[in-house]
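Below is one structure; the comments refer to it alone.
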Amino acid sequence: MNIKEKYEMSKKEYEKWGLDVDKILEELSRVKISIHCWQGDDVTGFEKTQNALSGGIAATGNYPGKARNGEELRKDLDKALSLIPGKHKVNLHAIYAETDGEVVERDQLKPEHFKKWVDWAKKNGLGLDFNPTIFSHPKAADGLTLSSPNKEIRDFWIRHCMASRSIGEYFGRELGQTCLTNIWIPDGYKDVPSDRMGPRKRLKESLDEIFSQKIDKKYNLDCVESKVFGLGAEAYTVGSSEFYISYAARNNIMSLMDTGHYHPTEVVSDKLSAMLLFNDKVALHVSRPVRWDSDHVILFDDEIKELSKEIVRNNALGRVIIGLDFFDASINRIAAWTIGSRNMIKSLLSAMLTPNDKLKELQDTGNFTERLALMEEFKTYPMGDIWNYYCEKNNVPVAEKWLDNVKDYERTELSKRS
């Protein structure tokens with residue numbers, strides 16, 4: 001039995017519950033995932049003066065073949081994107097500017113420093129998202145940036161964020177797809193602070209100045225990202241969830257939730273419905289924390305499936321901007337992109353192949369026995385046949401066959417990099 005025949009047989013199981021599988025696959029094909037470029041080079045970037053990775057970030061491992069420049073990184077992304085079904089976006093950090101060997105400080109970055117990225121995105125029909133890089137820099141050495149008591153340091157990072165918003169606007173205008181520009185800072189203290197309010201007041205004032213810059217929302221949307229703690233900031237993080245949710249609500253910008261940026265007992269899947277009640281749009285960075293914000297490659301696990309259910313069952317596919325954020329240097333980086341991205345899309349498909357309306361009805365009528373029974377039975381429904389057909393329909397390898405492509409690419413391309 002071929003893939004199409006298996007698909008036709010399996011979709012009948014879902015049609016019993018009123019699920020139009022053909023329509024579901026068409027809807028899924030319109031979902032864009034923002035795939036992060038920094039998995040390809042371990043968050044190294046292309047700055048002329050290389051700065052040691054900092055800000056509570058650690059890319060562990062030394063798997064051979066990481067990208068060393070823009071051409072290699074885009075080539076690697078081309079390979080990964082050829083293995084991931086659908087048409088998506090690519091998420092850049094400011095450190096991926098290409099300045100032709102010239103030293104350009106981050107507060108002086110301009111759209112032309114990303115022209116090669118824009119030309120590549122146009123050629124491939126991709127959108128671009130953006131992030132100012134507010135870490136791994138001498139002016140972030142003491143762990144304080146936009147909240148620093150040093151005005152010179154604050155002003156530097158304010159200028160960098162304003163430059164980044166202009167670059168995001170340029171991306172949106174050139175590519176016809178709105179860019180999401182996300183601000184995250186590592187600011188905090190290793191031990192218990194004697195002043196919690198002061199740094200947050202300075203952060204608020206810095207953000208106020210950044211967002212006073214007029215940027216066309218047609219081309220660029222702004223968001224801010226919280227974190228519960230970081231390496232070197234274990235006791236206190238300036239940009240907490242409460243701070244940024246409040247700031248975003250007051251200033252009509254988006255709040256971004258990273259699945260690794262909360263206490264280990266908290267899950268973003270439980271937070272999403274609350275955020276959707278009060279926000280037109282919500283942004284996500286999907287990662288996998290292992291005991292801490294360790295940015296492991298996404299698995300097709302319970303939390304990612306629950307997160308996708310919340311997006312789908314609340315009709316929020318058009319309201320939740322999904323970005324990925326993991327970086328594993330211990331495995332083949334093309335494989336890491338492919339595994340994580342395919343699992344994100346697969347989890348959305350799983351959620352769409354669930355009779356959510358029926359399950360809601362059972363909950364509202366107090367029929368918890370039938371609800372639990374159906375939720376469990378659907379775990380073994382033949383979603384794999386639907387997924388394989390979706391991959392074939394999108395001209396990407398089916399099941400584990402993509403791994404052969406990665407092995408060939410490693411032999412012909414990655415193995416030649418020293």
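The values are calculated or read from the model by the stated rules, or taken from the named source; none is laboratory data. Everything quoted here is computed from the prediction, not taken from an experiment. No Cβ is skipped: glycine too gets one built from the backbone with ideal geometry, and neighbour counts run over all protein chains shown.
A few comments on the model shown:
- Test: Glu209 is surrounded by 15 or more Cβ atoms within 10 Å (Cβ to Cβ), in the same structural domain as Val90 (by TED's automatic domain parsing) and acidic (Asp, Glu): yes
- Identity of the residue in segment 267-295, surrounded by fewer than 17 Cβ atoms within 10 Å (Cβ to Cβ) and closer than 18 Å to Asp325 by Cα, that ends up modelled with the highest pLDDT: Val267
- Taking the listed residues Asn332, Asn343, Asn315, the one that is outside the structural domain of Arg417 (by TED's automatic domain parsing) and at positive phi is Asn315, with no other qualifying.
- So Lys204, is it assigned by TED's automatic domain parsing to the domain that holds Leu324, charged (D, E, K, R) and within 25 Å of Ala248 (Cα to Cα): yes
- Any chance Leu25 is surrounded by 21 or more Cβ atoms within 10 Å (Cβ to Cβ), touching a Cys at 6+ places or on another chain (Cβ under 8 Å) and outside any loop (DSSP other than H, G, I, E, B): no
- Residue in segment 47-57 that is part of a helix (DSSP H, G or I), outside the structural domain of Asn394 (by TED's automatic domain parsing) and farther than 30 Å from Leu359 by Cα present: no
One line per residue, one yes/no per condition, for (1) touching a helix residue (DSSP H, G or I) at 6+ places or on another chain (Cβ under 9 Å); (2) polar (S, T, N, Q); (3) in contact (Cβ under 8 Å) with a residue 60 or more places away in the chain:
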| position | (1), (2), (3) |
| --- | --- |
| Ile24 | yes, no, yes |
| Ser29 | yes, yes, yes |
| Gly56 | no, no, yes |
| Thr60 | no, yes, yes |
| Lys79 | yes, no, yes |
| Lys89 | yes, no, yes |
| Leu92 | yes, no, no |
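- Test result for Ile345, touching a Pro at 6+ places or on another chain (Cβ under 9 Å) and not basic (Lys, Arg): yes
- Check on Lys32, within 28 Å of Glu410 (Cα to Cα), surrounded by fewer than 20 Cβ atoms within 10 Å (Cβ to Cβ), within 20 Å of the chain's Cα centre (by Cα) and modelled with pLDDT of 95 or more: yes
- Some residue of segment 137-150 being over 26 Å from Val90 (Cβ atoms), over 21 Å from the mean Cα position of the chain (by Cα), assigned by TED's automatic domain parsing to the domain that holds Ile321 and acidic (Asp, Glu): yes
- Just one of the numbered conditions (1) surrounded by 11 or more Cβ atoms within 10 Å (Cβ to Cβ); (2) more than 21 Å from Gly340 (Cβ to Cβ) is not true of Pro397: (2).
- Some residue of segment 1-13 being in contact with an Asp or Glu (Cβ under 6 Å, 6 or more places away or on another chain), aliphatic (A, V, I, L, M) and either crowded, with 19+ Cβ neighbours inside 10 Å or part of a helix (DSSP H, G or I) (or both): yes
- So Val286, is it within 30 Å of Leu207 (Cα to Cα), outside the structural domain of Asp22 (by TED's automatic domain parsing) and touching a Lys or Arg at 6+ places or on another chain (Cβ under 7 Å): no
- Gln363 meets all of the listed conditions (1) outside the structural domain of Gly86 (by TED's automatic domain parsing); (2) not in a helix (DSSP H, G or I) but one, namely (2).
- Unique match (being surrounded by fewer than 18 Cβ atoms within 10 Å (Cβ to Cβ) and within 21 Å of the chain's Cα centre (by Cα)) among Gly230, Gly168, Gly172, Gly176: Gly176
- The strands (runs of 3 or more DSSP E) located wholly in segment 225-340 that include 1 or more residues which are within 26 Å of Leu19 (Cβ to Cβ) occupy 282-286, 320-324.
- Single condition Asp142 does not satisfy, out of (1) touching a residue at least 40 places away in the same chain (Cβ under 8 Å); (2) under 21 Å from Ser54 (Cα atoms): (1)
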